[in-house]
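This report refers to the structure that appears directly beneath it.
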Amino acid sequence: MVDVESFVADATEEIRAELGDSKAIIALSGGVDSSTAAALAYEAVGTQLYPVYVDTGLMRKGETEEIEEVFGYMENLRVVDAEERFLDRLAGVTDPEEKRKVIGEGFIREFERVANEVDADYLVQGTIYPDRIESEGNIKSHHNVGGLPEAVDFEGIVEPLRDLYKDEVRDVARHLDLEEIIAERMPFPGPGLAVRIVGEVTKEKVEVAREATAIVEEELEAYEPWQAFAAVLGRATGVKGDNRVHGHVVAVRSVESRDGMTARAQELDWETLQRLQSRIAGTIDNVSRVVYDVTHKPPATIEYE
């Protein structure tokens, strides 16, 4: 395990040394990785830092409002509404790797746009060790590693968490007194709900994934999963009232893990599973059925794409 106090001291000094007097953009998603990187960078260089939260339209329910509340103390916080641009980029894209690369490039272009406005030369990211391992091992391209475009208009990219695992990042977050809602929250993929939608991403599917994930997180909180969410797999026939419907199939996923490199599907009781299907299929009009994913990692990954 990392010596948190020494790590924070070394990381802040490294950030100061790399940035010097230059301004930097920090890619802030609201997850524990990017939030911890932002807190470290802000402690290191203060107002030289411009935290940029890009609302891609693929975020968790209430994410944008939460970011504005939690990180409002950072003077240069920018919230960018880019939903339309990201959905346009993703139109017609069905291949999982292509999807990640499209999203990775979209993020970079948004960051470059803000960097040009404020004259920032550097990009700070919350990349952690498993991100690098999975991208370099061709398991999947993380949007901030293998998903980056070849041409990036920054003098340098700073990654203070690059050698840490997720549980170590949480230790650093606690040491920095990040709010519990951030430090203890479940992991959320950088590409957002797009990787919880098998096939083409549409606004309708995103809304289904967002609402269903909110239900899953609420219902399974007592199980204390490492990660729990809902994914949209395709369509299937169902019956609602007296009407035949061809609605979305939603998969519920809940896993236990230490660092995300391996994971085990949680054993949920029948009553909980029935409550999940009742709430998801009963409150989301265009969902026809709900299934539970019992696959461990490996052979599966935690996310669907």
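The values are calculated or read from the model by the stated rules, or taken from the named source; none is laboratory data. Only a predicted model underlies this, so the values are computations on that prediction, with no experimental measurement involved. Counting neighbours? That spans all protein chains shown, and the Cβs are built from the backbone with ideal geometry, glycine included. Surface accessibility is based on the protein's heavy atoms, side chains included, excluding ligands, DNA and RNA. Shrake-Rupley method; radii C 1.70, N 1.55, O 1.52, S 1.80 Å.
Okay, here's what the table says:
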quantity: Top-ranked residue in segment 38-66 [being of a type in the set (Gly, Ala, Ser) and over 14 Å from the mean Cα position of the chain (by Cα); ranked as surrounded by the most Cβ atoms within 10 Å (Cβ to Cβ)]; calculated: ALA41
quantity: Segment 84-119: number of residues that are open to solvent by 20 Å² or more (accessible area, probe 1.4 Å) and closer than 21 Å to GLU65 by Cβ; calculated: 4
quantity: Among the residues listed as ASP81, ASP21, ASP3, the single one being of a type in the set (Asp, Glu), without any contact (Cβ under 8 Å) to a residue 24 or more places away in the chain and open to solvent by 10 Å² or more (accessible area, probe 1.4 Å); calculated: ASP3
quantity: Search result, residues across segment 251-305 that are of a type in the set (D, E, K, R), farther than 29 Å from VAL93 by Cβ and more than 22 Å from the chain's Cα centre (by Cα); calculated: GLU267, ASP269, GLU271, ARG275, ARG279
quantity: Yes/no for ARG275 being open to solvent by 60 Å² or more (accessible area, probe 1.4 Å), at pLDDT below 95 and either under 15 Å from GLU211 (Cα atoms) or not acidic (Asp, Glu) (or both); calculated: no
quantity: Total residues in segment 168-188, condition closer than 28 Å to ALA230 by Cα, assigned to a helix (DSSP H, G or I) and open to solvent by 30 Å² or more (accessible area, probe 1.4 Å); calculated: 4
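Yes or no, residue by residue, for (1) touching a Ser or Thr at 6+ places or on another chain (Cβ under 9 Å); (2) open to solvent by 10 Å² or more (accessible area, probe 1.4 Å); (3) not in a helix (DSSP H, G or I):
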{"residue": "GLY199", "(1), (2), (3)": "yes, yes, yes"}
{"residue": "LYS205", "(1), (2), (3)": "no, yes, no"}
{"residue": "PHE229", "(1), (2), (3)": "yes, no, yes"}
{"residue": "HIS246", "(1), (2), (3)": "yes, yes, yes"}
